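The values are calculated or read from the model by the stated rules, or taken from the named source; none is laboratory data. A quick note: this is a predicted structure, and the numbers were derived from the prediction, not measured. Neighbour counts are summed over all protein chains in view; Cβ atoms, including those assigned to glycine, are modelled from backbone coordinates with ideal geometry.
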Amino acid sequence: KNIELEKKVTDLMHSEALTEEIHTLQTRIGKKESEILRLKAVNENLRLQVLKEKAEAFTKSGANKLNEELMVANENLCVYKTQCSNLLKENQGLHNSLSNA
C-alpha cells in the first residue's frame with residue numbers, strides 16, 4: 001500500500017508540473033498571438049496611411065472608392081485593437097493564475 005501511495009503522490013506531482021508547463025506555454029502562445037495582432041494593427045495603420053495619401057492624390061470619383069477602402073481598413077484596425085486588448089487581458093489572467101499557483 002505504501003508503494004501505491006508513493007506512486008499516486010508521484011503521479012500527482014507530475015500532473016501538477018504538467019499543468020504548470022501547460023499554463024506557461026499558453027501564456028507564451030498568448031503573448032505571441034498578441035504580438036501578431038499588434039503587428040497586423042501596425043500593418044493596417046500603414047496601409048491606412050498609404051490609402052489616405054493616395055486619396056489625396058486622386059480625383060473625387062477615385063477618392064470615393066478609396067474612401068470605402070479606408071472605412072474597411074479602419075474597421076479592421078478596430079477589430080485588431082479589440083482582439084489585442086482581449087488577449088492582453090487573457091494573458092494577465094493566465095499570469096495571475098500562475099502567480100497564485
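Structure values in brief
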| item | result |
| --- | --- |
| From the options GLU33, GLU4, GLU20, residue that is within 20 Å of THR82 (Cβ to Cβ), assigned to a helix (DSSP H, G or I) and at pLDDT 85 or above | GLU33 |
| In region 1-19, the residues that are of a type in the set (Asp, Glu) and under 26 Å from the mean Cα position of the chain (by Cα) | none |
| Pairs where the first residue, in region 37-63, is within 10 Å of ALA73 (Cα to Cα) and of a type in the set (D, E, K, R) and the second is surrounded by 16 or more Cβ atoms within 10 Å (Cβ to Cβ) and modelled with pLDDT of 75 or more, C-beta under 8 Å, 6+ apart | GLU44/ALA73; GLU44/ASN76; GLU44/LEU77; GLU44/TYR80; ARG47/ALA73 |
| Residues satisfying the stated conditions in region 54-67, i.e. assigned to a helix (DSSP H, G or I) and either touching a strand residue (DSSP E or B) at 6+ places or on another chain (Cβ under 9 Å) or surrounded by 11 or more Cβ atoms within 10 Å (Cβ to Cβ) (or both) | LYS54, ALA55, GLY62, ALA63, ASN64, LYS65, LEU66, ASN67 |
| Matching entry among ILE29, ILE22 (being surrounded by 12 or more Cβ atoms within 10 Å (Cβ to Cβ) and under 28 Å from the mean Cα position of the chain (by Cα)) | ILE29 |
| Yes/no for ASN96 being surrounded by fewer than 11 Cβ atoms within 10 Å (Cβ to Cβ) and either under 17 Å from the mean Cα position of the chain (by Cα) or without any contact (Cβ under 8 Å) to a residue 12 or more places away in the chain (or both) | yes |
